[in-house]
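**Q** Pasting a structure below so you can have a look.
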């Protein structure tokens, strides 16, 4: 049981990382990872929607007809996203401003619908919560690792605090879209290299 | 006057012909041992008809052609057949050869005499005599001559092209032949003309042999023939002497892919072949001698020599006064299309136009393609050679067919020019072999 | 068979409707709960920026015409410049400090919503950016003080031309132009049409 | 008997190799470089060029060591990359810029597998990186023979139109053409001295290092299209980095097509996009991105089958 929990929670980190391995939901990752604070906010919003949707659908899974599952998934996800948006507008207006259009876009983020389709609609509630948390963790780590690099290189700051003093001139490109592609590409390259090396080691054992 | 040439591709290569181009052809006596490989031509190897221990005379048939697409082999010295077994072969590496020990008597076979044809002109008898004499193309491709002189009945051949281009660097034997054996050359032409009745004869010569061009032009003026003979100077550009390129340069006709020159009404023959025909008809001697150029930066005295076929290279080296530098590479034929030899223990074949000893090794270190496009620019067949490298590296040999790999004439210009030192031609050869293997399966 | 199919379709339809109704209910509940808070936040945001312009003012009232409609509301001045509304800023003694002009101008990444104070002596008091979606690191520097402070104290008759009396943000000429043109054009428009307003105030 | 080496034919090779070709490009760049050094003063240019080249070579060696590739950092390609990058930077920029730019340029090449595999011209990638990252530095220009900053004629053109440009040159068109030809204007180090660029092109063409297709179609398209759009065509081919790009950047072997027809399409595309960027985009100069965009479709342009000599179309029954 414990290993199962551990496995469900950690699989999103590397083996089934939604961004680096499954390459899902890249649009929001590229756009939001300009600063660490935005990335954190996005991760929280994402976690909120993913976990709640997975739980809801896992609970309701016996009452969802097969032919209607996709519309129902979307209705549920969209409701949670809208609720989230209202809450953000009401209580965290600055975060709402920063995340902007990407909150509504969580609806069509293929990671969530993918997890629901392949996991939550078939598994019990507890497993679904763990799966949602694990996947959100992977998403968060991916988007944060990109955001940290981009914010440091492109703005010279981390979480808004200047790192190198005023004489440092940040390379603006990393904040612009091309920088996002560059960073994500390099990180995927490094991860592939490392995991290939690891699997080769395992095979030689 | 605009000098003719072919398009596209081709380029001038430093030709190094100065070493031997003013040296007259000298006769050379063979050494003690001579080798006669059974495969000296394109086609099926001949079958030996002598046995070990048997005595042979000059001109005696020692191996018989197997069918039409093959050629007879005659002894070029008198002596004793020592054995018939595997010997190093200059082209295929290893092959059955007849070993004859020279008795230094040089006694001719008494039966050798000029043929006596019936009064009426009989192409069939002429062609079969050429076949008996074992004559093959002397330019290097060694295509049996009797096949060339026997165009298929449905083709209308009107132009006879004599190939004096000699575009390979170092080689000068055709050049010397044109200067020294002019009479035999035109005699051979006369003989062929009397059977095949061409409307036009063209002699194509690269313009780095101006003396030969002028000499032949004067000769034609002094001895007019019953057919217009045109001496065409060509741009010095490799591979001007390749059959299809020569046809395009001299007549503007393009041989379609996969077709023979017959299809555009042309027959191309090397000057050496014509002289051999003349000798066979006038004196009855079969093909037992050939003229070749021994050159390269290693030989003491580079020479143009007439040697009996079967002479070992080591004898020729001695005849040329040995080496001044240690040779690293020994090339059989011209340096662009010739074949490397491992040792000097190989004999001269019917198609050996030159022996080149080179002291410098070309770098073999292959770097990555920088896509400069030089291989495409210079390809005389109009191909995209770099593609074959890409495909061969990925083992996509089948796809090479879409890029017409079989149109490649293996002139080697792509490899010669490649700044990244990629042996492009090797990849093409591998591709061709792979495709052949797949087809035969 | 056919009857069966119809039945199935009806069942599915009812199921989906049920889900939708539940979702709609949940949404409307959240909406009604959060709406006052959201409005409060939006008002706070505008008010904060107005406060930053006239720190002395305590009341900001929307200027309206005789029919109680806000004047200049959504007035399109130019293709890319729109006036939103005008506020009056008054201090404790109910003294008119100046007008607050809210408008938007199309920048590089979308509309830049700005608000600025217009003093009674025809000078720009100060400018503040409420909303923008300019490129981070480039156009986003539009919110930086060293750029905005250039507008402080400018006369409405000034040129407001980038590279002449306005130093643009580095490598973001479009953004700089958008803001300075937006201010210039809106202020000119307001000056031309405000007579009634001032009259009203004098009365 | 001695054993000789066995290799396949041909047994002789042309002396021209990759390093020769790369060095030829570097040599052809020299006239324009000397012009730039004279115009902007050696303190503003020489250290920049030297550092850029050194950093390119060092980065190349570093990457090759790191990725365990054959060490070929001295084959001239890294030198050309560094050299080209320095020449398309404004004079007098902080010296750490070309260092970073060269490093990134080489990185963009090595990440795809090194020389011959890079889809984009490394020097242009380096420049694009610098322009996107440090726009303030990369758009501040020095006045010739002076240390005062100025703007390029093209930037003036996009701000104020032709009359503004003429204002820079005492209002005379012929003065403008003349001083632009001799490089008396703001601009990158390598792009201002037109005579030097033309000399370089002549050298490249005479040594058959490049073929005429790309430079001629590129310049011709820029001339024609800007003329049709009502811009002074001579001004538009003299201004900015069009000539520099057309002669030295667009002709890069690895990133431009190989077949003549494709080269012509490529040259046309570069010129067309270049003028479009100048005219309709918020950018005074478009050479960098025009060439980079055409680099993208180079494999597509090359993806055609050349018909061999004597090709006969098979009858489809």
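The values are calculated or read from the model by the stated rules, or taken from the named source; none is laboratory data. As the structure is a computational prediction, the values presented were derived from the model and not from experiment. Cβ placement follows ideal geometry from the backbone for every residue including glycine, while neighbour counts extend to all protein chains displayed.
**Q** Residues A:32, A:81, A:55: which one is buried (at least 21 other Cβ atoms within 10 Å of the Cβ) and either away from every other protein chain (no Cβ under 13 Å) or within 26 Å of residue A:176 (Cα to Cα) (or both)? Steps first, answer last, please.
**A** Values: A:81 fails: either away from every other protein chain (no Cβ under 13 Å) or within 26 Å of residue A:176 (Cα to Cα) (or both); A:55 fails: buried (at least 21 other Cβ atoms within 10 Å of the Cβ).
A:32 is the lone residue from the list that is buried (at least 21 other Cβ atoms within 10 Å of the Cβ) and either away from every other protein chain (no Cβ under 13 Å) or within 26 Å of residue A:176 (Cα to Cα) (or both).
**Q** Just checking, does the range B:387-395 include any residue being assigned to a loop (DSSP other than H, G, I, E, B) and not assigned by TED's automatic domain parsing to the domain that holds residue B:45?
**A** Among the residues of the range B:387-395, at least one is assigned to a loop (DSSP other than H, G, I, E, B) and not assigned by TED's automatic domain parsing to the domain that holds residue B:45, which makes the answer yes.
**Q** A further question on this structure: Please determine whether any residue of the range B:357-366 is in contact with a helix residue (DSSP H, G or I) (Cβ under 7 Å, 6 or more places away or on another chain) and crowded, with 16+ Cβ neighbours inside 10 Å.
**A** Step one: filter the range B:357-366 for residues in contact with a helix residue (DSSP H, G or I) (Cβ under 7 Å, 6 or more places away or on another chain), giving none.
There is no residue in the range B:357-366 that is in contact with a helix residue (DSSP H, G or I) (Cβ under 7 Å, 6 or more places away or on another chain) and crowded, with 16+ Cβ neighbours inside 10 Å.
**Q** Listed residues D:224, D:199; which is at pLDDT 90 or above, within 21 Å of residue D:30 (Cβ to Cβ) and either part of a helix (DSSP H, G or I) or out of contact with any strand residue (DSSP E or B) (no Cβ under 9 Å at 6 or more places or on another chain) (or both)? Lay out the reasoning, then the answer.
**A** Working: D:224 fails: within 21 Å of residue D:30 (Cβ to Cβ).
Only one candidate qualifies: D:199.
**Q** Let me ask you something else. Looking only at the range D:225-245, decide whether some residue is closer than 24 Å to residue D:299 by Cβ and buried (at least 17 other Cβ atoms within 10 Å of the Cβ).
**A** Let us first name the residues in the range D:225-245 that are closer than 24 Å to residue D:299 by Cβ, namely D:245.
Among the residues that remain, those that are also buried (at least 17 other Cβ atoms within 10 Å of the Cβ) are: D:245.
Yes: the range D:225-245 contains one or more residues that are closer than 24 Å to residue D:299 by Cβ and buried (at least 17 other Cβ atoms within 10 Å of the Cβ).
**Q** Continuing with the same structure: With the requirement that a residue be within 7 Å of chain D (Cβ to nearest Cβ) and either part of a loop (DSSP other than H, G, I, E, B) or touching a residue at least 60 places away in the same chain (Cβ under 8 Å) (or both), what does the range B:408-441 give you?
**A** If the condition is that a residue be within 7 Å of chain D (Cβ to nearest Cβ) and either part of a loop (DSSP other than H, G, I, E, B) or touching a residue at least 60 places away in the same chain (Cβ under 8 Å) (or both), then B:412, B:416, B:417, B:419, B:420, B:421, B:423 are the ones that fit.
**Q** Could you count how many residues in the range B:8-31 are loosely packed, with under 13 Cβ neighbours inside 10 Å and farther than 25 Å from residue B:180 by Cβ?
**A** 1
**Q** Looking at (1) within 26 Å of residue D:110 (Cβ to Cβ); (2) in contact (Cβ under 8 Å) with a residue 40 or more places away in the chain; (3) surrounded by 16 or more Cβ atoms within 10 Å (Cβ to Cβ); (4) over 15 Å from the mean Cα position of the chain (by Cα), which one does residue D:58 not meet, given that it meets all the others?
**A** (2)
**Q** Let me ask something additional. Are any residues in the range D:133-148 touching a strand residue (DSSP E or B) at 6+ places or on another chain (Cβ under 6 Å) and under 27 Å from residue D:104 (Cα atoms), and if so, which ones? I'd like the intermediate steps shown before the answer.
**A** So in the range D:133-148, the residues touching a strand residue (DSSP E or B) at 6+ places or on another chain (Cβ under 6 Å) come out as D:140-141, D:143.
D:140, D:141, listed by residue number.
**Q** Just checking: which of the strands (runs of 3 or more DSSP E) contained wholly in the range C:35-116 hold 2 or more residues that are touching a helix residue (DSSP H, G or I) at 6+ places or on another chain (Cβ under 6 Å) and more than 17 Å from residue C:190 (Cα to Cα)? Don't jump to the end; show me each part of the working.
**A** Working: elements: C:59-62, C:81-90, C:96-106.
Answer list for the range C:35-116: none.
**Q** Could you please let me know if residue B:423 is closer than 17 Å to residue B:6 by Cα, surrounded by 19 or more Cβ atoms within 10 Å (Cβ to Cβ) and at pLDDT 90 or above?
**A** Working: closer than 17 Å to residue B:6 by Cα: no; surrounded by 19 or more Cβ atoms within 10 Å (Cβ to Cβ): yes; at pLDDT 90 or above: yes.
It is false that residue B:423 is closer than 17 Å to residue B:6 by Cα, surrounded by 19 or more Cβ atoms within 10 Å (Cβ to Cβ) and at pLDDT 90 or above.
**Q** OK, next. Find the strands (runs of 3 or more DSSP E) located wholly in the range B:14-104 whose residues include 1 or more that are closer than 26 Å to residue B:146 by Cα, and list them. Spell out the reasoning first.
**A** Details: elements: B:25-27, B:33-37, B:61-64, B:79-89, B:93-102.
Passing ranges, in order: B:33-37, B:61-64, B:79-89, B:93-102.
**Q** Taking the condition more than 16 Å from the chain's Cα centre (by Cα), surrounded by fewer than 17 Cβ atoms within 10 Å (Cβ to Cβ), under 30 Å from residue D:135 (Cβ atoms) and within 14 Å of chain D (Cβ to nearest Cβ), does residue C:167 pass? Break it down into steps so the answer makes sense when it comes.
**A** Working: more than 16 Å from the chain's Cα centre (by Cα): yes; surrounded by fewer than 17 Cβ atoms within 10 Å (Cβ to Cβ): yes; under 30 Å from residue D:135 (Cβ atoms): yes; within 14 Å of chain D (Cβ to nearest Cβ): yes.
Against the criterion (more than 16 Å from the chain's Cα centre (by Cα), surrounded by fewer than 17 Cβ atoms within 10 Å (Cβ to Cβ), under 30 Å from residue D:135 (Cβ atoms) and within 14 Å of chain D (Cβ to nearest Cβ)), residue C:167 qualifies.
**Q** Right, here's the next one. Do we find that residue D:72 is under 15 Å from residue D:118 (Cβ atoms) and buried (at least 24 other Cβ atoms within 10 Å of the Cβ) in this structure? First the steps, then the outcome.
**A** Working: under 15 Å from residue D:118 (Cβ atoms): yes; buried (at least 24 other Cβ atoms within 10 Å of the Cβ): no.
Against the criterion (under 15 Å from residue D:118 (Cβ atoms) and buried (at least 24 other Cβ atoms within 10 Å of the Cβ)), residue D:72 does not qualify.
**Q** Would you mind stating whether residue C:124 is closer than 20 Å to residue A:94 by Cβ and crowded, with 16+ Cβ neighbours inside 10 Å? Give the steps one after another, and end with the answer.
**A** Numbers: closer than 20 Å to residue A:94 by Cβ: no; crowded, with 16+ Cβ neighbours inside 10 Å: yes.
In short, no.
**Q** Which residue out of B:302, B:380 is crowded, with 19+ Cβ neighbours inside 10 Å, more than 10 Å from every other protein chain (Cβ to nearest Cβ) and either modelled with pLDDT of 90 or more or touching a helix residue (DSSP H, G or I) at 6+ places or on another chain (Cβ under 8 Å) (or both)?
**A** Values: B:380 fails: more than 10 Å from every other protein chain (Cβ to nearest Cβ).
That would be B:302, the only listed residue that is crowded, with 19+ Cβ neighbours inside 10 Å, more than 10 Å from every other protein chain (Cβ to nearest Cβ) and either modelled with pLDDT of 90 or more or touching a helix residue (DSSP H, G or I) at 6+ places or on another chain (Cβ under 8 Å) (or both).
**Q** Residues in the range C:135-144: is at least one buried (at least 21 other Cβ atoms within 10 Å of the Cβ) and under 12 Å from the mean Cα position of the chain (by Cα)?
**A** no
**Q** Considering only the range B:141-228, give the helices (runs of 4 or more DSSP H) lying wholly within it that have at least 2 residues that are modelled with pLDDT of 90 or more.
**A** Details: elements: B:145-148, B:173-180, B:182-196, B:210-222.
Result: B:173-180, B:182-196, B:210-222.
**Q** Counting just the residues of the range D:160-196 that are in a helix (DSSP H, G or I) and touching a residue at least 60 places away in the same chain (Cβ under 8 Å), which one comes out surrounded by the fewest Cβ atoms within 10 Å (Cβ to Cβ)?
**A** Step one: filter the range D:160-196 for residues in a helix (DSSP H, G or I), giving D:160-168, D:173-181, D:194-196.
Narrowing the set further to residues that are touching a residue at least 60 places away in the same chain (Cβ under 8 Å) leaves D:162, D:165, D:177, D:195-196.
Numbers: D:162: 15, D:165: 25, D:177: 15, D:195: 13, D:196: 24.
Step by step, filter the range D:160-196, then rank; the result is D:195.
**Q** Test residue C:38 against the criterion of being within 14 Å of another protein chain (Cβ to nearest Cβ) and farther than 26 Å from residue C:173 by Cα, and give yes or no. Walk me through it before giving the result.
**A** Working: within 14 Å of another protein chain (Cβ to nearest Cβ): yes; farther than 26 Å from residue C:173 by Cα: yes.
Yes.
**Q** Restricting to the range B:321-356, what's the tally of residues that are more than 7 Å from chain D (Cβ to nearest Cβ) and crowded, with 22+ Cβ neighbours inside 10 Å?
**A** 14
**Q** Pick out the one residue from D:128, D:123 that is surrounded by 19 or more Cβ atoms within 10 Å (Cβ to Cβ), modelled with pLDDT of 90 or more and away from every other protein chain (no Cβ under 12 Å).
**A** Values: D:128 fails: away from every other protein chain (no Cβ under 12 Å).
Going through D:128, D:123 in turn, the sole match is D:123.
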